[in-house]
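The values are calculated or read from the model by the stated rules, or taken from the named source; none is laboratory data. Values in this document were obtained by computation on a predicted structure and should not be read as measured data. Note that we place each Cβ from the backbone using ideal geometry, even for glycine, and neighbour counts take in every protein chain shown.
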Amino acid sequence: DPVPHIGESEFKKQSVKKIYFYLKPNIQLFSQFSKTAFISRYGNRLKTFASKLLPYKSYSLLQNDELIKKYKIDEIKKDKKVILLFGRVSQYKGVNIYLKAIKYLIDDLKKQNLYFMLLGKPVHSFLFSEDEKNMMADFRDHFLHINDYLDVAELAAFIKKSDLIVCPYIEATQSGVIMTSYGLSKPVIATNVGAFPEYVISEDCLVEPNNHVNLALSILSSTDFPIAEESMYNLVRNNELNNINIINFTNDLIYA
């Protein structure tokens with residue numbers, strides 16, 4: 001990432017990054033947003049490239065079902081749609097917005113056919129509020145938080161079992177979450193921040209940040225209606241290489 005995320009600025013790490021960047025003649029970035037942010041922060045002395053990532057199809061070869069069996073996800077899927085937010089739990093990822101959206105869907109809209117998962121450990125001194133802890137406990141029939149590091153095979157298993165991936169980030173640069181999800185043919189709803197608009201396959205899958213109601217309604221429209229759900233899956237399957245020129249990507253790597 002060319003700039004530190006909200007709540008993750010570490011002087012030592014950023015100092016090392018700055019020195020490293022000045023020593024390298026060329027920099028490869030994975031979005032136009034990141035390229036612009038990099039030049040703004042470090043200047044235009046370096047040769048910078050922006051190439052789009054490809055879906056991480058190798059994840060489809062990975063599978064570790066131990067945690068799937070432990071938490072009885074297959075049983076849950078018999079009558080519920082599974083929504084997933086994964087990765088390290090940090091301030092910039094909008095976890096609090098995700099939790100508010102869950103409360104709105106379960107409490108206010110009485111949607112009992114949804115099951116939400118949060119996979120990842122808090123980092124950079126991130127703390128859940130007491131209200132959030134109580135809410136997660138109260139909604140245990142509709143919510144699972146695995147407060148631990150998952151290896152890639154465990155993560156792939158959970159993504160495969162999910163119906164929808166969400167990225168309610170407050171800000172972002174170039175996230176691997178979207179390409180991981182697309183690599184497993186899973187649709188993604190993300191906020192309209194950072195490089196997400198460059199990667200998310202449909203404007204209908206973008207929501208404004210810091211708005212739990214919009215996030216909740218987008219989740220609802222993507223999971224409640226079979227036609228909309230199938231349309232999202234088809235977009236993912238048919239659009240994996242759309243707007244991604246693998247020849248240009250390879251040339252950038254060779255000549256960087």
(request) Pick out the one residue from 76, 83 that is assigned to a strand (DSSP E or B) and surrounded by 12 or more Cβ atoms within 10 Å (Cβ to Cβ). (result) 83
(request) Using the structure shown, decide if residue 178 is over 16 Å from residue 100 (Cβ atoms), in contact with a helix residue (DSSP H, G or I) (Cβ under 6 Å, 6 or more places away or on another chain) and free of Cβ contacts under 8 Å to residues at least 40 places away in the same chain. (result) yes
(message) So, residue 15, is that one modelled with pLDDT under 80, of a type in the set (Ser, Thr, Tyr) and either assigned to a helix (DSSP H, G or I) or surrounded by 14 or more Cβ atoms within 10 Å (Cβ to Cβ) (or both) or not?
(response) yes
(request) Quick one: in region 167-176, of everything that is under 18 Å from residue 51 (Cβ atoms) and either polar (S, T, N, Q) or surrounded by 23 or more Cβ atoms within 10 Å (Cβ to Cβ) (or both), which residue is modelled with the lowest pLDDT? (result) 174
(request) Tell me, yes or no, whether region 221-231 has at least one residue that is modelled with pLDDT under 95, outside any loop (DSSP other than H, G, I, E, B), out of contact with any Asp or Glu (no Cβ under 7 Å at 6 or more places or on another chain) and among the hydrophobic types (A, V, I, L, M, F, W, C). (result) yes
(request) Only residues in region 211-228 that are within 23 Å of residue 95 (Cα to Cα) and aliphatic (A, V, I, L, M) count as the first member; pair them with residues that are in a loop (DSSP other than H, G, I, E, B) and at pLDDT 95 or above, Cβ under 6 angstrom, at least 6 apart or cross-chain, and list the lot. (result) 215/168
(message) I want to confirm something. Restricting to region 179-193 and keeping residues that are of a type outside the set (Val, Ile, Thr) and touching a strand residue (DSSP E or B) at 6+ places or on another chain (Cβ under 8 Å), which single residue is surrounded by the fewest Cβ atoms within 10 Å (Cβ to Cβ)?
(response) 192
(message) Of all residues being in contact with a helix residue (DSSP H, G or I) (Cβ under 9 Å, 6 or more places away or on another chain) and at pLDDT 85 or above in region 32-56, which is nearest to residue 154 (Cα to Cα)? Just the residue, please.
(response) 56
(request) For region 100-133, enumerate the residues that are touching a residue at least 40 places away in the same chain (Cβ under 8 Å), within 23 Å of residue 224 (Cα to Cα) and either aliphatic (A, V, I, L, M) or in a strand (DSSP E or B) (or both). (result) 101, 102, 105, 109, 114, 117
(request) Consider residue 28 carefully, then state whether it is more than 25 Å from residue 151 (Cβ to Cβ) and modelled with pLDDT of 80 or more. (result) no
